[in-house]
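Trainee: Take this structure first; my questions come after.
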Amino acid sequence: MTTATHHEETLGFQTEVKQLLHLMIHSLYSNREIFLRELISNGADACDKLRYAALDNDALYEGDSELRIEIEHDAEAGTVTVRDNGVGMSRDEVIENLGTIARSGTAEFLQQLSGEQQKDARLIGQFGVGFYSSFIVADEVTVRTRKAGSDKSEGVEWRSKGEGEFTVADVERETHGTEIVLHLKEDAQEFADDFRLKSLVRKYSDHIEVPVRMPRVEKARDEDGNEIEGSETVTWETVNEATALWVRPKGEISDDEYKAFYKHVAHDFADPLTWSHNKVEGKLEYTSLLYVPGRAPFDLYERDGARGVKLYVQRVFIMDDAEQFLPLYLRFIKGVLDSRDLSLNVSRELLQKDPQVDKIKSALTKRALDMLKKLAKDKEAYQTFWNTFGSVLKEGPAEDFANREKIAGLLRFSTTHTDSATQDQSLADYVERMQEGQQKIYYIVADGFNAAKSSPHLEIFRKKGIEVLLLSDRIDEWLMSHLHEYDGKAFVDVAKGELDLGEIEGEEEKQAQEETAKAKEDLVKRVKEALGDEVQEVKVTHRLTDSPACVVLPEHEMGFQMRRIMEAAGQKLPEVKPILELNPEHALVGRLEGAEGDAFGDLARVLLDQAIIAEGGHLDDPAAYVKRLNALLSA
Ligand code: ADP
Ligand code: MG
């Protein structure tokens, strides 16, 4: 085993690793067995990597091309050993990989973790605990490794008690690959057991293509059937199924196997919501297995967050996170793509240029959208999906013009039908409830759900019982600017342009409105004069039932929500003047009509400012507004 060690140094773990170790040891107590899944998963990855590297250089196998993972235990010593003959690590790699957490965003992620155990266990799951999970069951871990193709003298030994520091030393090592020895804690001795280990391997690693082997010790027997001392022979038995899951026929794979495989691929603890497994033959040949996770990864909104599928070419692992095969708005989808046609030498750069990639991408996009459509039949599961990934899917219509209608069918909204903040109504639901004569789908965008729900613009719609979509996510106005119609019905922003209820309004109603407009011509003129270029236009309206006034934007103008977002991002936008609409039935408007001089100007100003506030807008001079309002109140 270990011969003369030299160049030994003791180093501190990166702060984030210390935090992670601490959290893990304290919060994953009820789920300790996952350490084995993580170590096997790493061993399998290492074998995949060696197989890929050896495509160009057979010598890397060092004469041992039968890739495998071996698990041994020693109940007396209280150890479990997990060994692979994969790619191994150099000294620098050991220090980097087993001393830090490389993924970006980790620091911020760890800061989000609270002390609350349950919650942390879930959050840690999102993160993929990996190698460090060894310390859930071990109070000391020894890793011996050597990079495939390196000299025997370039072995490395890494040791740690998981308490803030680790030691690395150079060692002589005969074989390439990695061996991890766990010195089990007093209360984790149960894992040094043949039966326990075997059942865990089957539970977690059946789907891994690399064989996981365990020793079976047999003793020869004499004529009387007694075991002969010293006659032990060890045969290695493959414990897992050891075929890549996606290669097997669908009908033979159980749900539990699909779920276990998901956890391996997605580094997730929790079950996926659904999956779709397809073998495609013909011009393009590939197999895909796509999953919808139940929870968002911590880097969902990060620019360089991990996304995409695990790519294989003819069963050979090529890369993780191949993001070229799915659009950005489906970046939450996890899974595997195994292509027959791509070259084994394919790289990220080559993928960008390969026309086959685009074809596979559009096919996988359709698959993923169909999978979501199917999921939508299960209301509860779909709601979980929507609450988790809905705002990512909302990026879809802008990114993927061709699939706009399909994506629209998958969207969920809050609407005046339920007046609930939960986004759970589909456009199909809306269309089904449309009024006789209604030709459009109405919506309103505001900064928050409550602002949307109580906007004055909804008054006429509520009065007539016409449903309006209540949009308040940051992305909503952007979304609506790319969605023009659904099921042949145009979308209309109720806060923009002329109010047109189409055939919902009778001829008589329209005539009455015109008459009112005539009767108020004089008032409208006076208000316009008083407000000057604060407003683009003044009108009387029949939008309102309870409010005296509202502001409206021209039809093709950017909405208030998008303006605020862009301004907050430092964009300078040309000023737009709103249209002020007055409710002729309202007492305050009546009072305005009777007012003269300064009182008239002040009241007109107050009505305008109120309408802007109701829209979630900011006044240039709020103090002046308060002063005017107080003057009116005390008059
Ligand atoms: P992850 O597998 O998500 O990258 P881990 O904590 O499990 O995170 O492992 C960290 C890194 O350590 C791996 O990415 C890999 O580079 C290295 N590593 C871990 N185990 C092995 C192994 N058995 N052989 C080679 N490299 C390994
Ligand atoms: Mg890992």
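Trainee: Helix 15-27 sits at what angle to the longest principal axis of the chain, using alpha carbons and giving 0 to 90 degrees rounded to 10?
Mentor: For 15-27 against the chain, the angle is about 90 degrees.
Trainee: Between GLU575 and SER362, what is 0.36 nm times their sequence separation minus the Cα-Cα distance? Round to one decimal in nm.
Mentor: Result: 72.6 nm gained on full extension.
Trainee: Taking the 0 to 90 degree range and rounding to the nearest ten, how far is the long axis of helix 379-393 tilted relative to the main principal axis of the chain, both from C-alpha atoms?
Mentor: 80
Trainee: If you line up the Cα atoms of region 412-504 on their principal axes, what length do they span on each, largest first, in Å?
Mentor: That gives 32, 26, 25 Å along the principal axes, largest extent first.
Trainee: Can you list which of the chymotrypsin sites (Phe, Trp or Tyr not before Pro) found in region 249-344 are DSSP loop residues with at most 12 other C-beta atoms within 10 Å?
Mentor: Those that pass, being in a loop and sparsely packed, are TYR301.
Trainee: May I pose another question? Restricting attention to the alpha-carbon atoms of region 559-623, what are Rg (one decimal) and Dmax (integer), both in Å?
Mentor: For region 559-623, the Cα radius of gyration and maximum Cα-Cα distance read 14.7, 44 Å.
Trainee: Given labels modelled 7 Å from the Cα in the Cβ direction, how far is it in nm from ASN450 to LYS353?
Mentor: 5.7
Trainee: Cα-Cα over 23 Å: which of LYS361/LYS406; LYS463/LYS496; LYS463/LYS539; LYS185/LYS259; LYS359/LYS379?
Mentor: In this structure, LYS185/LYS259; LYS359/LYS379 exceed 23 Å between Cα atoms.
Trainee: For a paramagnetic label modelled at 7 Å from the Cα of ALA270 toward its Cβ, which residues of region 12-53 fall within the zone defined by backbone nitrogen distances under 19 Å?
Mentor: What the label zone holds, given the 19 Å backbone N cut-off, is 24, 27-32, 34.
Trainee: Taking the DSSP beta bridges in region 412-504 as the whole, what percent of them are antiparallel, to the nearest 5?
Mentor: Values: 5 of 12 bridges.
The answer is about 40 percent antiparallel.
Trainee: Cα extents of region 491-540 along the three principal axes, largest first, in whole Å?
Mentor: Principal extents (largest minus smallest coordinate, Cα): 36, 28, 7 Å.
Trainee: Quick one: in region 491-575, what % of C-alpha pairs are over 18 Å apart?
Mentor: Result for the distance tail: 58 percent.
Trainee: How large is the Rg to Rh ratio of region 294-380 when both quantities use alpha carbon positions and Rh follows Kirkwood?
Mentor: Numbers: Rg = 13.8 Å, Rh = 13.9 Å.
Using only Cα positions, Rg/Rh for region 294-380 is 0.99.
Trainee: Here's another thing I want to ask about it. Using θ = phi - 60° and the Karplus relation 6.51 cos²θ - 1.76 cosθ + 1.60, list the HN-Hα couplings for region 143-151 in order, rounded to whole Hz, with x at every Gly or Pro.
Mentor: For region 143-151, the Karplus curve yields 10, 10, 8, 8, 5, 4, x, 8, 6 Hz.
Trainee: Starting from the Cα of LYS489, move 7 Å in the Cα-to-Cβ direction to define the label point; list residues of region 451-478 whose amide nitrogen is under 13 Å from there.
Mentor: 466-469
Trainee: Which value in nm describes the separation of the simple spin-label points at SER231 and ASP429, placed 7 Å from the Cα toward the beta carbon?
Mentor: 7.4
Trainee: If r is the Cβ-Cβ distance from GLU8 to LEU55 and R0 is 41 Å, what FRET efficiency results, to the nearest 0.05?
Mentor: Working: r = 36 Å, r/R0 = 0.88.
About 0.70, to the nearest 0.05.
Trainee: Give the Rg (one decimal place) followed by the Dmax (whole number) of region 180-302, computed from C-alpha coordinates and expressed in Å.
Mentor: 20.4, 71
Trainee: Further question: At 25 °C and 0.890 mPa s, grab the translational diffusion coefficient of the chain from Stokes-Einstein with a Kirkwood Rh over Cα pairs, rounded to a whole number in µm² per second.
Mentor: D = 84 µm²/s.
Trainee: At GLN189 and ASP378, where each label point lies 7 Å from the Cα along Cα→Cβ, what is the point-to-point distance in nanometres?
Mentor: 4.3
Trainee: Could you estimate the translational diffusion coefficient of region 2-238 from the Stokes-Einstein equation, with Rh from the Kirkwood formula over C-alpha pairs, at 37 °C and 0.692 mPa s, in whole µm²/s?
Mentor: Answer, rounded: 173 µm²/s.
Trainee: List the GluC sites (Glu not before Pro) within region 388-472 that fall in a DSSP loop (any state other than H, G, I, E or B) and whose Cβ has at most 14 other Cβ atoms within 10 Å.
Mentor: GLU436
Trainee: Given charges of +1 on the Cβ of Lys and Arg and -1 on the Cβ of Asp and Glu, with all other atoms neutral, how large is the dipole of the chain about its Cα centre, in debye to the nearest 20?
Mentor: Working: 80 positive and 120 negative charges, 267 e Å.
The dipole of the chain has a size of about 1280 debye.
Trainee: Still on this structure: For region 129-177, what is the Kirkwood estimate of the hydrodynamic radius, computed as the reciprocal of the mean inverse distance between distinct Cα atoms, to one decimal in Å?
Mentor: Every distinct Cα pair counted, the radius reaches 11.6 Å.
Trainee: Which whole-Hz couplings ³J(HN,Hα) result when phi for each residue of region 30-47 is put into the Karplus expression 6.51 cos²θ - 1.76 cosθ + 1.60, θ = phi - 60°, listed in order with x for Gly and Pro?
Mentor: 7, 10, 5, 4, 5, 3, 5, 4, 5, 5, 5, 4, 5, x, 5, 4, 5, 5
Trainee: Still on this structure, please answer the following. Quick one: if you take sqrt(5λ) for each eigenvalue of the C-alpha gyration tensor of region 507-634, what semi-axes come out, biggest first, whole angstrom?
Mentor: 25, 20, 12
Trainee: Next up: Taking Rh as the Kirkwood radius computed over C-alpha pairs, what is the Stokes-Einstein D of region 519-569 at 37 °C in a medium of viscosity 0.692 mPa s, expressed in µm² per second?
Mentor: 250
Read the figures in this text as sums done on the coordinates, not as results from a lab. What you see is a predicted model; the values in this text were computed from it and never measured. As a convention, Cβ positions derive from the backbone with ideal geometry for all residues, glycine included, and neighbour counts pool all protein chains shown.
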